Number of protein chains: 2
Amino acid sequence: MPGQTVPRAWIVTLGNEVLLGEVENTNAGWLARRLTSLGVRVRRMVTSPDDEESAEIFRDAVGRVELVVSTGGLGPTYDDRTMYLLSRALGLPLERNPAAEEMVRRRVAERGFQLTPARLKMADMPRGAEPLENRVGTAPGAILRHEGTTFVVLPGVPAEMTRMFEEAAARLAGMWRGPPCRREATFQGIVEADLADALMELSRDESVYVKTQPRGQPGRPGVRILVISFEGRCDEAFARLLQAARAAGGSALE
Amino acid sequence: MPGQTVPRAWIVTLGNEVLLGEVENTNAGWLARRLTSLGVRVRRMVTSPDDEESAEIFRDAVGRVELVVSTGGLGPTYDDRTMYLLSRALGLPLERNPAAEEMVRRRVAERGFQLTPARLKMADMPRGAEPLENRVGTAPGAILRHEGTTFVVLPGVPAEMTRMFEEAAARLAGMWRGPPCRREATFQGIVEADLADALMELSRDESVYVKTQPRGQPGRPGVRILVISFEGRCDEAFARLLQAARAAGGSALE
């Protein structure tokens, strides 16, 4: 869709256990791949604790990126504070969301749990949030649009997160432009420095991402070339690099 | 070391390829574990692109955390801009560091590479940086102290990063307090909600991190309890949780 600007995103992981090195954060990487494939430029991935630090990050994102996807902090325990922190960040009241309460009541019943105040708390959301049902666990997520930034709030359990992300993606279908173009090649007989001039030239074009990496053994140098563009501008950049690689005596590997 | 405050850290990964989902960020998790084991409270992990966004993050960290560990962006190509971005962030001139140049010259010779201007650029560092030799690759890292915040700048290649981190850790030995205390138990016959009152009580003590997680199957509930404290205050919190778990009829698993 030429002419349309590429949406930008921050991925925010709320999780003291990640910061303490107790848990590996696999959600952020999954979301980076998935958002990229939808045509979103991920500008920042942040992991932060369940406290004011995360509220500050939510606040910083407003008006700066079109999309924030958060994971974690939606459960029934006292340290599950994402909805509260998002409310504070955006200056919105935190209130019981009737549709979310309905979801919690249904899931609690289906799973044979007791409906405790702690579980009902999972239906408290910033005013204006649209809840996302959790069909794997219990805690609902939310979509919240605020001053040009859309927040997608997801749980931290990967199986819940991925499924609910897809539901959010379907609801936000108008936002996606489709995957960026991508070209890749590996050359033998050259080193990265042989491409320096071409790379410098291409670095002026912010709509094209170009990455080179050494791919050889001692005495047998090689370079991998990768071109990605959300604006569909891969071909020209790729051709320029191939030309430079060949001029330096490189031969393309199959 | 009672009375001493716990140093706080941000871990910053510079890498467009992580944001594009091309590469999994394993450095940040490794550093979170390692810094925790040294007694550092990691407050934020950020991945950001090789542009002004990262300079902003460096700037934000000054005076706010005692330590920033960055990885990535130290190579010879045009998008390896970490030293430049850090210079800009701190308002320091970027200049050729003689000790770093010596390291680059030695490593380039040892590895049989040509000494190109692009490779020499790897010796450009913010004024005042102490270079860290790269004994695996070529690009030196750096330690830079600035207004109460120490920056440790490391390459993105994991084998280089981990080795150079240990060298930096040895040089910064006065900063480490040793690992936090840690207590863990799993109980059968209770659910997380049974511990809610005890957890609420303990949540008031910011020096203790307490996490509970469901660990049961349907009909056989269970809860894992984890207590971590950089201030060495695990025992009391752990005892309070064990008491609550037993009062609710839980039995500890071996």
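The values are calculated or read from the model by the stated rules, or taken from the named source; none is laboratory data. Note that the coordinates shown come from a computational prediction; the quantities given were computed from them, not determined experimentally. Please note: Cβ atoms are built from the backbone with ideal geometry, for glycine as well, and neighbour counts cover all protein chains shown.
General remarks:
- Count of residues meeting criterion [facing chain B (nearest Cβ under 7 Å) and more than 17 Å from A:Leu19 (Cβ to Cβ)] in the stretch A:31-75: 5
- For B:Gly112, the test of being of a type in the set (Gly, Ala, Ser) and in contact (Cβ under 8 Å) with a residue 60 or more places away in the chain is failed.
- Here A:Lys211 meets each of (1) in contact (Cβ under 8 Å) with a residue 24 or more places away in the chain; (2) crowded, with 16+ Cβ neighbours inside 10 Å; (3) part of a strand (DSSP E or B) with one exception, condition (1).
- Selection status of B:Gly72, free of Cβ contacts under 8 Å to residues at least 24 places away in the same chain, assigned by TED's automatic domain parsing to the domain that holds B:Ala89 and touching a Ser or Thr at 6+ places or on another chain (Cβ under 8 Å): no
- Condition met for B:Arg44 (within 20 Å of A:Arg8 (Cβ to Cβ) and basic (Lys, Arg)): yes
- Filter result (part of a loop (DSSP other than H, G, I, E, B) and surrounded by 16 or more Cβ atoms within 10 Å (Cβ to Cβ)) within the stretch A:234-254: A:Ala248, A:Gly250
- If you filter the stretch A:134-167 down to residues that are touching a residue at least 60 places away in the same chain (Cβ under 8 Å) and out of contact with any helix residue (DSSP H, G or I) (no Cβ under 7 Å at 6 or more places or on another chain), you find that the one that is nearest to A:Arg119 (Cα to Cα) is A:Thr150.
- Where strands (runs of 3 or more DSSP E) fall entirely within the stretch B:105-207, those with at least 3 residues that are closer than 30 Å to B:Ile228 by Cβ are at B:141-146, B:149-154, B:181-188.
- Flag not set for A:Pro98, criterion: without any contact (Cβ under 8 Å) to a residue 40 or more places away in the chain, in contact with a helix residue (DSSP H, G or I) (Cβ under 9 Å, 6 or more places away or on another chain), under 16 Å from A:Gly73 (Cβ atoms) and assigned by TED's automatic domain parsing to the domain that holds A:Asn16.
- Residue list for the stretch B:192-208, restricted to those being free of Cβ contacts under 8 Å to residues at least 12 places away in the same chain and surrounded by fewer than 18 Cβ atoms within 10 Å (Cβ to Cβ): B:Met200, B:Ser203, B:Arg204, B:Glu206
- Within the stretch A:39-46, the presence of at least one residue that is crowded, with 21+ Cβ neighbours inside 10 Å, of a type in the set (Lys, Arg) and either in contact (Cβ under 8 Å) with a residue 24 or more places away in the chain or in the same structural domain as A:Thr150 (by TED's automatic domain parsing) (or both) is confirmed.
- Out of B:Gly156, B:Gly141, B:Gly137, one residue alone is in contact with an Asp or Glu (Cβ under 6 Å, 6 or more places away or on another chain) and either surrounded by 19 or more Cβ atoms within 10 Å (Cβ to Cβ) or within 14 Å of chain A (Cβ to nearest Cβ) (or both). It is B:Gly137.
- Hits in the stretch B:214-230 (condition: more than 10 Å from chain A (Cβ to nearest Cβ), buried (at least 16 other Cβ atoms within 10 Å of the Cβ) and assigned to a strand (DSSP E or B)): B:Gly222, B:Val223, B:Arg224, B:Ile225, B:Val227, B:Ser229
- Qualifying residue in the stretch B:87-108 (condition: surrounded by 22 or more Cβ atoms within 10 Å (Cβ to Cβ) and on the phi > 0 side of the Ramachandran plot): no
- Enumeration of residues in the stretch A:5-17 that are more than 7 Å from chain B (Cβ to nearest Cβ) and crowded, with 22+ Cβ neighbours inside 10 Å: A:Ala9, A:Trp10, A:Ile11, A:Val12, A:Thr13, A:Leu14, A:Gly15
- A:Glu95 vs. criteria at pLDDT 95 or above and in a helix (DSSP H, G or I): no
- The numbered conditions (1) over 30 Å from A:Leu120 (Cβ atoms); (2) modelled with pLDDT under 95 are all true for A:Pro76 except (1).
- Qualifying residue in the stretch A:173-186 (condition: closer than 19 Å to A:Asn97 by Cβ and surrounded by fewer than 16 Cβ atoms within 10 Å (Cβ to Cβ)): no
- Out of A:Gly232, A:Gly249, A:Gly219, A:Gly189, one residue alone is free of Cβ contacts under 8 Å to residues at least 24 places away in the same chain, out of contact with any Leu (no Cβ under 7 Å at 6 or more places or on another chain) and on the phi > 0 side of the Ramachandran plot. It is A:Gly219.
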